[in-house]
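Colleague: Below: one structure in structure tokens.
The values are calculated or read from the model by the stated rules, or taken from the named source; none is laboratory data. Fair warning: this is a prediction, and the values are worked out from it, not measured in the lab. Every residue, glycine as well, gets a Cβ built from its backbone with ideal geometry; the counts of neighbours run over all protein chains shown. SASA here: full protein model, heavy atoms, side chains in, ligands and nucleic acids out. Shrake-Rupley method; radii C 1.70, N 1.55, O 1.52, S 1.80 Å.
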Amino acid sequence: MTAPVTPPRVAVIGGGRMGAGIAQVFATLGSEVVIAEAGDQAAARDRVATGLRRADERGKLVHSTCDEILDRLTTVSSPSELPAETDLVVEAVPENPDLKTAVLAIAEKAVGPDAVIASNTSSLSITELGAGLANPGRFLGMHFFNPVPASDLVEIVVPPATSDVVVEKAVSWVKQLGKVEVVVKDSPGFATSRLGVLLGLEAIRMLEEGVADAAAIDRAMELGYRHPMGPLRSTDLVGLDVRLAIAEHLAATLGPRFEPPQLLRNKVSRGELGRKSGRGFYDWTSPATGEQR
């Protein structure tokens, strides 16, 4: 079988940090990209523009300028406005199953029957999210990692109903983005979230018990196990609220070993959500970004 070409038309549902990053990498690749954002569409576009400027400063834009790439990007206010000619839809709204199910159903009605539809969920069941679709065979998980432009990995999550052709297309597109795919079957937390969250939760328990401070725990994993980033700093980047939601989901589906520590619950209740709020396990308002709290 001939490998599918770059998807000419891509739609991303959700213009937050993840959605903007996904939009950026496909637009940079050459796709025409539409972001469906119910909130501030200008802010979604600005996130992409900021990401492109940073990529340009690092010499990562080779074939197009920032303005040329932005010319390939448009925004709409609802998935119902997505073009019928769309080749790939990537849903990237918050980790709320009801919200995801609703926008996926709307998107499926808007796009043509041959479009591949994917969710960027990091832990929710792809099978359950696709249950409300008329054709779940064209649906799968495409789990990108933050920050999307700099991350090498995309986890492709395959439920039983997904056709082999759809999986082949997703794998090909990930390779064309210059990223590496890991194909896993649909199961709670997939591979990455299941392992990453478990490590992060244990690091939080160690901090809670006073075993070591945050910087020491992170350095131990970075230097001792060659992790590029320690689990507490990683939690700050992902968002403590996101990690809490995933942990609660995994605790409900896989058991008490994923029960969130009280320290994590306390920080989320205080609004200490990590980098996006300025404070988490580190102080992100400090000139020395990432100063331990």
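Colleague: Nearest 5 percent is fine: what portion of the DSSP beta bridges confined to the stretch 94-233 is antiparallel? Could you put the intermediate results ahead of the total?
Modeller: Values: 4 of 13 bridges.
If I count the DSSP bridges inside the stretch 94-233, around 30 percent turn out antiparallel.
Colleague: Then there is this: Would you work out what percent of the accessible area of the chain, with all protein chains in place, is carbon or sulfur (probe 1.4 Å)?
Modeller: Numbers: 7260 of 13510 Å².
It is 54 percent, rounded to a whole number.
Colleague: While we're looking at this one, here's another question. K185's amide H: which non-local residues (gap 5+, or another chain) put their own amide H closer than 5 Å, with H modeled 1.01 Å from N in plane and none for Pro or chain starts?
Modeller: Long-range HN contacts for K185: V158.
Colleague: Continuing with the same structure: So if I take the centroid of the Cα atoms in the stretch 102-173 and the same for the stretch 1-66, what is the distance between those two points in Å?
Modeller: The stretch 102-173 and the stretch 1-66 have Cα centres spaced 18 Å from each other.
Colleague: Let me ask something additional. Report L99's accessible area, 1.4 Å probe, all protein chains in place, as a number in Å² to the nearest 10.
Modeller: Per-residue accessible area (L99): approximately 70 Å².
Colleague: Please name whichever of L240, S163, V33 sits farthest to the positive end of the charge dipole of the chain, dipole taken about the Cα centre and charges placed at Cβ: Lys and Arg +1, Asp and Glu -1.
Modeller: It is L240, whose Cα lies furthest towards the positive end.
Colleague: Would you pull out the residues with amide H under 5 Å of I13's amide H, same chain only if 5 or more places away, H placed 1.01 Å from N?
Modeller: Those qualifying (amide H under 5 Å, at least 5 residues apart or on another chain) are A36, V90, E91, A92.
Colleague: Short version: ³J(HN,Hα) in whole Hz for each residue of the stretch 231-239, in order, from phi by Karplus 6.51 cos²θ - 1.76 cosθ + 1.60 (θ = phi - 60°), x for Gly and Pro, what are they?
Modeller: x, 7, 5, 4, 4, 4, 6, 5, x
Colleague: Only four residue types carry charge here, +1 at the Cβ of Lys and Arg and -1 at the Cβ of Asp and Glu. Report the dipole size of the stretch 194-237 about the Cα centre in Debye, rounded to the nearest 20.
Modeller: Taking the Cα centre of the stretch 194-237 as origin, the dipole is about 220 debye.
Colleague: With every protein chain present, what accessible area does R219 have (1.4 Å probe, heavy atoms only), rounded to the nearest 10 Å²?
Modeller: That residue has around 130 Å² of solvent-accessible surface.
Colleague: Moving on to the next point. Residue by residue, what Karplus-based ³J(HN,Hα) values in Hz, rounded to whole numbers, does the stretch 218-223 have, using 6.51, -1.76 and 1.60 with θ = phi - 60° and x for Gly and Pro?
Modeller: 5, 4, 4, 6, 5, 8
Colleague: Moving on. Give me the 1.4 Å probe accessible area per residue for the chain, excluding ligands and nucleic acids, in Å². Before the final figure, lay out the partial values.
Modeller: On the way: 13510 Å² over 293 residues.
Computed with neighbouring chains in place, this is 46 Å² per residue.
Colleague: While we're here: Run the 1.4 Å probe and let me know the accessible area of M229, rounded to the nearest 10 Å².
Modeller: It works out to around 70 Å².
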